[in-house]
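Encoded as structure tokens, the structure appears first; notes follow it.
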Amino acid sequence: MRSARRVQLQPAYLLHHRPWRDSSRVVELHVREHGRVSLFAKGARRANHAWAPVLQPFLPLLVSWSGAGDGGTLTGAELDGAPVALPPARLMSGFYLNELQLKLLPRQDPHPGIYDAYADALGGLRAADAEARTLRLFEKRLLDALGYGIDYAHVAESGEPVEPAAYYHVGPERGVLGVADDPGSPYAYRGADLLSLAAEELHEPSGIAAARRLLHGQLETPLERRELGTRTVARAVRSTGVGRTNRGDGERSQ
């Protein structure tokens with residue numbers, strides 16, 4: 001039986017929405033204290049509805065609903081502070097962050113740390129922060145919070161600290177495996193880059209590039225090797241040459 005509870009003014013972000021009936025929407029929200037929930041927003045597709053300008057991606061919201069956490073009815077939505085849009089050039093990265101959460105967050109399982117990491121990432125995308133660094137930090141924090149993180153600062157079997165000048169093999173599910181026999185191998189990683197990722201620094205291009213390879217390898221397990229739509233779109237955009245100028249740090253492939 002559906003709960004009759006009412007939830008009031010909870011911090012949330014809209015991850016996705018789809019039409020429902022003639023004038024309504026089904027909204028997928030990440031609510032800080034409730035996790036990912038799906039609610040019916042009745043009448044929200046009408047142009048003059050009070051929620052029409054509010055229920056938009058990347059805006060901090062306060063939402064209220066009645067009924068179950070999944071399949072309940074949205075009863076209120078308002079901005080939680082002044083709306084600050086993402087720069088157009090960074091919208092694809094924002095949608096990438098949303099898709100990761102839609103694919104990986106379990107329903108009605110609160111992860112306040114992921115919520116806060118997402119809010120930080122949106123702040124980084126709005127500011128002049130390096131786009132690639134912002135995405136990598138969110139990926140790492142998401143994996144850590146969901147139990148898929150690994151220790152990049154120590155060799156898995158021995159527990160010995162990673163040496164900055166050495167090169168190591170890394171397994172996406174097992175961690176740092178040991179010193180690489182061939183430092184020139186595409187599967188070898190410089191210790192300094194591993195330590196940079198472990199400390200969430202990532203201020204050097206080599207560290208960001210290494211983090212991208214490592215984290216995308218880690219993401220394959222929880223994603224069950226499913227393709228992400230945002231990555232497909234980003235590749236298509238790259239292949240047409242759109243956005244090849246004024247690309248900042250060049251991060252468009254997520």
Item to complete: Name the one entry in Ala50, Ala44, Ala12 that is among the small types (Gly, Ala, Ser), surrounded by 15 or more Cβ atoms within 10 Å (Cβ to Cβ) and assigned to a loop (DSSP other than H, G, I, E, B).
Response: Ala44
Worksheet item: Could you list, in sequence order, the residues of the stretch 74-84 that are of a type in the set (Val, Ile, Thr) and either exposed (fewer than 14 other Cβ atoms within 10 Å of the Cβ) or more than 25 Å from Ala44 (Cβ to Cβ) (or both)?
Response: Val84
Worksheet item: Yes or no: Ser38 in contact with an Asp or Glu (Cβ under 7 Å, 6 or more places away or on another chain), hydroxyl-bearing (Ser, Thr, Tyr), touching a residue at least 24 places away in the same chain (Cβ under 8 Å) and not assigned by TED's automatic domain parsing to the domain that holds Pro112?
Response: yes
Fill in: From the options Leu177, Leu197, residue that is modelled with pLDDT under 95 and out of contact with any Asp or Glu (no Cβ under 7 Å at 6 or more places or on another chain)
Leu177
Worksheet item: Given the residues Gly81, Gly67, which is the only one that is out of contact with any strand residue (DSSP E or B) (no Cβ under 6 Å at 6 or more places or on another chain) and small (Gly, Ala, Ser)?
Response: Gly81
Discussion item. Considering only residues that are touching a strand residue (DSSP E or B) at 6+ places or on another chain (Cβ under 6 Å) and loosely packed, with under 15 Cβ neighbours inside 10 Å, which ones fall in the stretch 135-155?
Written reply: Asp151
Worksheet, complete the sentence: Output for Cβ contacts, cut-off 6 Å, separation at least six or different chains, first residue in contact (Cβ under 8 Å) with a residue 40 or more places away in the chain in the stretch 150-168, second part of a loop (DSSP other than H, G, I, E, B), reads Ala153/Val162
Worksheet item: Within the stretch 85-114, which residues are surrounded by fewer than 18 Cβ atoms within 10 Å (Cβ to Cβ), free of Cβ contacts under 8 Å to residues at least 40 places away in the same chain and assigned to a helix (DSSP H, G or I)?
Response: Pro88, Leu91, Gly113
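Okay, residues lined up against (1) more than 27 Å from Leu135 (Cβ to Cβ); (2) among the hydrophobic types (A, V, I, L, M, F, W, C); (3) exposed (fewer than 12 other Cβ atoms within 10 Å of the Cβ):
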{"residue": "Glu157", "(1), (2), (3)": "yes, no, yes"}
{"residue": "Gly171", "(1), (2), (3)": "no, no, no"}
{"residue": "Val176", "(1), (2), (3)": "no, yes, no"}
{"residue": "Ala188", "(1), (2), (3)": "no, yes, no"}
{"residue": "Ala192", "(1), (2), (3)": "no, yes, no"}
{"residue": "Ala198", "(1), (2), (3)": "no, yes, no"}
{"residue": "His203", "(1), (2), (3)": "no, no, yes"}
Worksheet item: Would it be correct to say that Glu33 is in a loop (DSSP other than H, G, I, E, B), touching a helix residue (DSSP H, G or I) at 6+ places or on another chain (Cβ under 8 Å) and within 25 Å of Asp120 (Cβ to Cβ)?
Response: yes
Response to the item:
Residues of the stretch 208-233 being farther than 17 Å from Asp144 by Cβ and of a type in the set (Asp, Glu), in sequence order, are Glu224, Glu227
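The values are calculated or read from the model by the stated rules, or taken from the named source; none is laboratory data. Quantities reported herein were computed from a predicted structural model and do not represent experimental measurements. Cβ atoms come from the backbone with ideal geometry, glycine included; neighbour counts cover every protein chain shown.
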